[in-house]
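The values are calculated or read from the model by the stated rules, or taken from the named source; none is laboratory data. Since the structure is predicted, the reported quantities are computational estimates derived from the model, not experimental observations. With ideal geometry, Cβ positions are generated from the backbone for all residues, glycine too; neighbour counts draw on all protein chains shown.
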Amino acid sequence: MSELPAPHEREFIVGRAEEEARLRASLASGALSNGWLITGAKGAGKATLAYRLARALLEPEALSEPVSLQVPKEARVFRFIAGRAHPDLFVAEREYDEKNERYATEISVETIRKLNAFLNRTASAGGWRVAIVDSADDLNRNAANALLKSLEEPPPKTAILLVANAPGRLLATIRSRCRRIDLRPVPSTDIMNLLESELGLAGEEAARLAEAAKGLPGLALSLAAGEGADAVTAASAFLGAARAGDDVGRLASALSGRQASEKWDVFQRIILESLSDAARAAACGDETGLASLGAQALLDAHQSISTLFARGEAVNADRAQMLAAAARIIRAAAKGRAA
């Protein structure tokens with residue numbers, strides 16, 4: 001499949017009509033806050049929403065609908081931002097180290113100092129200057145303190161849009177100076193429509209990926225475009241085999257090796273989410289499927305497997321051994337329930 005467009009290149013968004021209507025109302029009233037904190041799980045569409053708001057601020061006449069932030073691809077502001085060439089937009093993110101061929105682990109204070117200097121310059125067209133921090137979770141302590149200065153005393157007609165997966169980790173003083181938008185899960189039907197319109201997937205395959213994505217449009221697209229579909233299948237097979245006490249060794253080859261790293265990451269995420277979802281269902285009285293193991297047993301299994309995966313990754317443990325150990329944990333929970 002073709003490569004998915006990045007958030008700054010994406011024309012449409014799914015399931016965020018209510019949030020966009022609020023932002024349009026703030027724009028129309030002239031009461032838009034200088035600081036915004038856009039939160040939600042990875043894949044919820046936070047960065048996509050941030051870039052849509054940036055386009056609306058930088059070229060409001062390009063907006064094509066009365067209650068959304070929709071700007072067509074043909075608009076000048078869309079082309080400039082998609083090409084990372086708009087002079088009045090600054091994006092703070094982890095820098096890429098060409099020598100070591102990897103991204104830095106955090107957003108540095110030097111990057112935020114550049115952001116602050118940018119906000120204090122005159123806008124090229126006399127309008128807004130917009131800064132996007134993607135993601136604010138990556139700010140180190142010094143960078144967060146440097147950003148706080150601009151949030152406390154923002155220059156006129158500036159907007160700082162913070163994207164955050166885990167807002168609770170941010171400085172309380174940063175959170176208090178931003179208006180917050182929490183992106184909730186999107187209905188599965190909307191995600192299935194997205195998969196069909198963008199990737200041509202429909203029917204059972206689209207439904208299976210939408211269910212695995214748990215209301216996260218970006219995650220659904222990633223699952224469909226990469227090796228996520230195989231990871232979903234592997235996770236389902238693993239959970240079934242582990243509960244039944246069957247051999248899970250045959251899954252190891254498909255999840256091992258450097259080339260399977262993306263699939264392995266998605267596999268781990270699905271296993272842990274499946275256990276936590278089943279625990280919640282069991283706590284509400286559900287006794288079907290994985291929930292039949294009982295809430296406490298599932299929570300204990302989730303904790304044990306989460307620790308197992310984390311420790312295994314830290315020491316580069318053999319994935320086949322991790323799979324076998326995780327299967328034993330789930331099988332023990334199933335046996336305990338049966339007893």
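Odds and ends about this structure:
- Only residues that are outside any helix (DSSP H, G or I), within 26 Å of the chain's Cα centre (by Cα) and touching a residue at least 24 places away in the same chain (Cβ under 8 Å) were counted in segment 72-104, giving 11.
- So A117, is it part of a strand (DSSP E or B) and among the aliphatic types (A, V, I, L, M): no
Condition check ((1) acidic (D, E); (2) farther than 22 Å from N120 by Cα; (3) buried (at least 22 other Cβ atoms within 10 Å of the Cβ)) across all residues:
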residue: I38; (1), (2), (3): no, yes, yes
residue: G43; (1), (2), (3): no, yes, no
residue: K46; (1), (2), (3): no, yes, yes
residue: L58; (1), (2), (3): no, no, yes
residue: V67; (1), (2), (3): no, yes, no
residue: V91; (1), (2), (3): no, no, no
residue: K99; (1), (2), (3): no, yes, no
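- Any hit, segment 231-243, residues being more than 20 Å from S276 (Cβ to Cβ), free of Cβ contacts under 8 Å to residues at least 60 places away in the same chain, aliphatic (A, V, I, L, M) and part of a helix (DSSP H, G or I): no
- Selection count, segment 22-39, where residues are at pLDDT 95 or above and among the small types (G, A, S): 1
- Out of A164, A144, A125, sole residue that is out of contact with any helix residue (DSSP H, G or I) (no Cβ under 7 Å at 6 or more places or on another chain) and in contact (Cβ under 8 Å) with a residue 12 or more places away in the chain: A125
- Flag if P156 is under 22 Å from D88 (Cβ atoms), assigned to a loop (DSSP other than H, G, I, E, B) and out of contact with any helix residue (DSSP H, G or I) (no Cβ under 8 Å at 6 or more places or on another chain): yes
- Hey, A231 at pLDDT below 90, closer than 26 Å to N316 by Cα and either hydrophobic (A, V, I, L, M, F, W, C) or surrounded by 15 or more Cβ atoms within 10 Å (Cβ to Cβ) (or both) or not: yes
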